[in-house]
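S.K.: Can you read through this structure? Questions will come right after.
Just so it is clear, none of the values below were taken in a lab; they were calculated from the coordinates. Only a predicted model underlies this, so the values are computations on that prediction, with no experimental measurement involved. Neighbour counts are summed over all protein chains in view; Cβ atoms, including those assigned to glycine, are modelled from backbone coordinates with ideal geometry.
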Amino acid sequence: MEDKEFIERVRLAREDEVRFFSNAAKPARERWIVREFLQRLDMSISEGDLQSLPEDDDVDVFVECLDAAFQVKELPEANCLRSSEVKAALKRAETALQPMDLYEPLVAMDKIWVDAYPLILECATAAKYPAPSRAKLDLLIYVTRTDAILSPLKKPPALLKCGWRSISCLFGSKSLVLVATTEAPEFLRNQCRRIQQALAADSP
């Protein structure tokens with residue numbers, strides 16, 4: 001592939017990124033997160049099953065066939081400015097004369113791993129959603145922070161006290177159901193139970 005063709009392909013891909021991360025595309029992003037979460041639980045779902053609700057509704061994505069009412073949150077990199085970053089990346093592609101112009105200079109940094117649970121608790125205890133609302137919602141946190149680690153063995157008891165109907169994560173290639181009350185959809189309760197049984201079986 002010639003340099004010019006490669007740069008053009010990158011430019012088109014970055015245009016798609018800018019559209020995907022725009023405010024207008026927020027409902028589509030939330031549906032994508034829910035679809036990925038469900039597919040990794042081996043749940044058969046179609047795009048038509050995912051319903052985006054109005055912005056002023058507590059529910060972001062409703063899945064009627066599963067009785068799931070997802071409130072979707074992202075756990076991104078620290079100090080993430082994604083909108084500015086993807087626009088800057090597109091600008092580089094629009095002015096690039098050679099492939100190296102597409103990328104910022106690499107900066108060597110030490111990797112310090114961060115426990116995701118305190119950050120998840122921060123999301124789960126946000127004052128925006130009072131207890132009566134949480135009791136009807138399935139919180140789904142999409143962890144995109146690349147320095148985060150998440151061990152089901154270390155799940156803090158405080159998650160159970162946050163008041164959500166369920167709390168789940170899309171973390172890398174895994175879908176994890178961390179909390180599921182008796183009022184949560186059956187498939188989330190079952191998945192949470194399976195995780196607990198697997199952890200109990202692996203315990204010494």
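S.K.: Tell me, how many Å apart are the Cα centres for the range 118-183 and for the range 1-68?
M.R.: Taking the Cα centre of each part, the range 118-183 and the range 1-68 sit 20 Å apart.
S.K.: Assuming a strict under-18 Å limit between Cα atoms, what lysine pair count do you get for the range 3-202 once near-sequence pairs (fewer than 8 apart, same chain) are dropped?
M.R.: 11
S.K.: Please give the FRET efficiency for Leu97 paired with Asp16, using the beta carbon to beta carbon distance and R0 = 22 Å, rounded to the nearest 0.05. Kindly include the intermediate steps, with their values, before the conclusion.
M.R.: Working: r = 22 Å, r/R0 = 1.01.
For Leu97 and Asp16, the calculated efficiency is 0.50.
S.K.: Same structure, new question: Using 0.36 nm per residue of separation minus the Cα-Cα distance, give me the extension gain between Leu53 and Leu153 in nm, one decimal. Intermediate results must be reported in sequence, preceding the final value.
M.R.: Working: separation 100, 0.36 × 100 = 36.00 nm, distance 3.44 nm.
Residue separation times 0.36 nm, minus the Cα-Cα distance, leaves 32.6 nm.
S.K.: Is the shape of the range 124-204 rounded, prolate or oblate, going by the alpha carbon gyration tensor and its root eigenvalues a ≥ b ≥ c, with a/c under 1.5 for rounded and a/b larger than b/c for prolate?
M.R.: Here the range 124-204 falls in the oblate category.
S.K.: Could you give me the ³J(HN,Hα) list for the range 158-170, computed from phi with Karplus coefficients 6.51, -1.76, 1.60 and θ = phi - 60°, whole Hz, x at Gly and Pro?
M.R.: 4, 4, 5, 9, 7, x, 6, 4, 7, 10, 9, 9, 9
S.K.: Once amide H atoms are built 1.01 Å from N in the peptide plane, which residues 5 or more positions from Leu50, or in another chain, come under 5 Å H to H?
M.R.: Hits under the 5 Å cutoff: none.
S.K.: Another question about this same structure. Give, rounded to the nearest 20 debye, the magnitude of the charge dipole that the range 3-202 has about its Cα centre when Lys and Arg contribute +1 at Cβ and Asp and Glu contribute -1 at Cβ.
M.R.: On the way: 28 positive and 32 negative charges, 104 e Å.
Roughly 500 debye for the range 3-202.
S.K.: On to the next question. Could you work out how far apart the two model spin labels at Lys87 and Asn23 are, taking each label as a point 7 Å from the Cα in the direction of the beta carbon, and quote it in nm?
M.R.: Taking the two extended label points, one gets 1.1 nm.
S.K.: Using amide H atoms built in the peptide plane, which far-off residues or other-chain residues are under 5 Å from Glu74 H to H?
M.R.: Tyr142
S.K.: Next question. Report, in degrees rounded to the nearest 10, the 0 to 90 angle that the Cα long axis of helix 186-202 makes with the longest principal axis of the chain.
M.R.: Once rounded, the angle reads 90 degrees.
S.K.: For the pair Ile112/Phe6, report the inter-label distance in nm, with labels modelled 7 Å from Cα in the Cβ direction.
M.R.: For the pair Ile112/Phe6, the computed spacing is 3.6 nm.
S.K.: I've got another one for you. If contacts are Cα pairs under 8 angstrom and at least 6 residues apart, what is the relative contact order of the chain in percent?
M.R.: Details: 267 pairs, mean separation 41.7, N = 204.
Result for the chain is 20 percent.
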